[in-house]
Each structure stands twice: as C-alpha cells, then as structure tokens.
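Take a look at the structure below.
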Amino acid sequence: MNEIQAGTLYIVSTPIGNLEDITYRAVKILSGVDLIAAEDTRTTLVLLRHFNIIKPLISYYSYNEARRTPELIEKLASGTTIALVSDAGTPGISDPAYRVIRAALDHKIPVVAIPGPAAFLPALVVSGLPIDRFVFEGFLPVKKGRKTKLAHMALEERTIVLYESPHRILRTLADLRTVLGEREVSVSRELTKKFEEVVRGTLTEAHSYFSSKTIKGEFVVVVAGTSGPQPEQTET
Ligand code: SAM
C-alpha cells in the first residue's frame, strides 16, 4: 500500500537533538512528499541531508505563515502532497502549524500527523512529578500577561509544563518561586543531546544550581501543581 496520499498535509515530528530519534515513518513520508514546508529551511536541509533526502523546500514560519498559508492550501487542493516540519519536535507545539492545519481542515484537505519527538513529553516522564494529569503552558509571556498567567498557575492542581530559553530560565524560576511559593520542580536541559541533564529539587534549589553556572541550551520546566508532592514531604 502506498501510504502517501496525494493532496494531503502531513505534520511530521522531527528530532529535538538526537537525529536517531526520527521515526522510520517520518523518513518515509519526507522522502515521498512533493514539497516540504519548513520553519527554517537551512535547519531542515541539515536533517534531510543526513537521511539522503532531496526535496523542494519552502519556508513556513511565524512571520510569513499568514501569507504562506493560502499558497500551501492552493497547492494541496491541486493535489500536491506537503510535509510540514518545524526546527525541532512537533509542529504546532510552540511552533508554527496551527494556521495551516486549520485552513486545510476548513478546505476539507486531509491532515495526517506523523508522531515523534516533542520536548515536553520526555521532560514530564523523567520529572518524578505526577504525570496522570498535566497542563502544557508553552512559553510564559515575557511582559504582558505574565503576572496573570503566573497567578492562574498558582491555583493549578495538575503538574505544569513550561518551555524556556537560556536567557530567561533564571527569571522564570525566580518568578515561579515568588508567585507559586516553594514547589518541587524538574528542569530538563538539552534533552537527547550531549549535555543532557535533569535537575530535580525545589524551585530555590534549581535557581541556585543554574545561577552558579554559565547557562546554555534549551529548557523544559516541570513544576508540581497544588495537589502534587510538596517540598516539605520530600524524602532526602
Ligand atoms: N516543537 C517543539 C516541541 O515539539 O517540543 C518545541 C519548539 S519551541 C520553539 C522550542 C523550545 O522547546 C525550547 O525553547 C525549549 O524550551 C524546548 N526544547 C526543544 N528542544 C529541547 C531539548 N532538546 N531539550 C530541552 N528543551 C527543548
């Protein structure tokens, strides 16, 4: 059976660091589509070269997605098969994809997800915090809405997952400590990469750990909700 169907939009997850984390199916789909829409064509070229895939690329990123979406829809409607990839992980998870997915569905164009890596899931799994229920908040707003978001998070019962950049990790850990109070946290850095590390403890401990070093890499912060384990109950 030819799995690739004409005029379909494939949302393809790609590695978040270790290229071996790509799925067989993702390679097959990327090799078989007519066109790949990529958040950053240079980043995707590196991935494609690694797997000996040669395909036309078109950019689809936050600043051109409004303009690009109708173009992609027109191509899909005329039978072109397109794979959408982001720089890393799953398109749509704190990455552009929503707009074209929504437009494709509105035009009755089939949308198929090719599942694979996303940074929040491994971070959650190794956190040691309850994972039966969780809430993904993506990046905290940098300015407007930050206080309100933090205030809502303070009341959240479920485990909370956040993405953060190296420039803001200390500020975010400090703000979480101030607004949520002392909590258990797990901070995953550089998942699947050479310098992967997971720092577990209280918000104060995690802040002090990262304050003591040069901060590099990408971060996922997993914080206990109000019904999660509290620091004073933690066995040492
Ligand atoms: N689409 C991606 C996904 O599925 O996870 C997320 C893209 S978002 C623009 C980038 C953020 O994801 C980073 O700032 C970081 O918070 C997180 N991230 C991506 N790769 C990571 C990694 N290898 N280790 C830790 N965090 C990572």
Förster radius 22 Å - calculated FRET efficiency between residue 174 and residue 227 (Cβ-Cβ, nearest 0.05): 0.40
Where does each of 147, 213 land when they are ordered by accessible area, with a 1.4 Å probe and the largest first? 147, 213
Where in the chain are the DSSP H helices whose alpha-carbon span along the long axis reaches 15 Å or more and whose Kyte-Doolittle mean is at least 1.6? none
Antiparallel as a % of all DSSP beta bridges within the chain, to the nearest 5? 45 percent
What FRET efficiency do you get for residue 190 and residue 99 if R0 is 45 Å and r is their Cβ-Cβ distance, rounded to the nearest 0.05? 0.95
Counted charge near residue 33, where neighbours are those whose Cβ lies closer than 13 Å (Asp, Glu -1; Lys, Arg +1): +2
Indicate the gyration tensor shape class of the chain (rounded, prolate or oblate), computed on the Cα atoms with a ≥ b ≥ c the square roots of the eigenvalues: a/c under 1.5 is rounded; otherwise a/b larger than b/c is prolate and the rest oblate. prolate
Please list, by residue number, everything in the range 63-86 whose backbone N is under 18 Å from a paramagnetic label point 7 Å out along Cα→Cβ of residue 45. 85-86
Sites residue 5 and residue 52 - FRET efficiency at Förster radius 25 Å, r taken between beta-carbons, to 0.05: 0.60
Residue 215 versus residue 155, label points 7 Å from Cα toward the beta carbon: distance in nm? 2.9 nm
Expected-Rg normalisation [2.2 N^0.38 Å, Cα atoms] applied to the range 1-133: 1.05
Given N residues in the range 120-223, what is Rg(Cα) / (2.2 N^0.38 Å)? 0.98
What does the helix-only formula give at 222 nm for the chain: each DSSP H stretch with n ≥ 4 adding -39500 (n - 2.57), the total divided by the residues, and the result rounded to the nearest 500 deg cm²/dmol? -9500 deg cm²/dmol
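The values are calculated or read from the model by the stated rules, or taken from the named source; none is laboratory data. Here the structure is a predicted model, which is why all the values come from computation and not from measurement. Quick reminder, even Gly has a Cβ in these numbers, built from the backbone with ideal geometry, and neighbours come from all protein chains shown. Note: areas computed on protein heavy atoms with side chains; ligands, DNA, RNA excluded. Shrake-Rupley method; radii C 1.70, N 1.55, O 1.52, S 1.80 Å.
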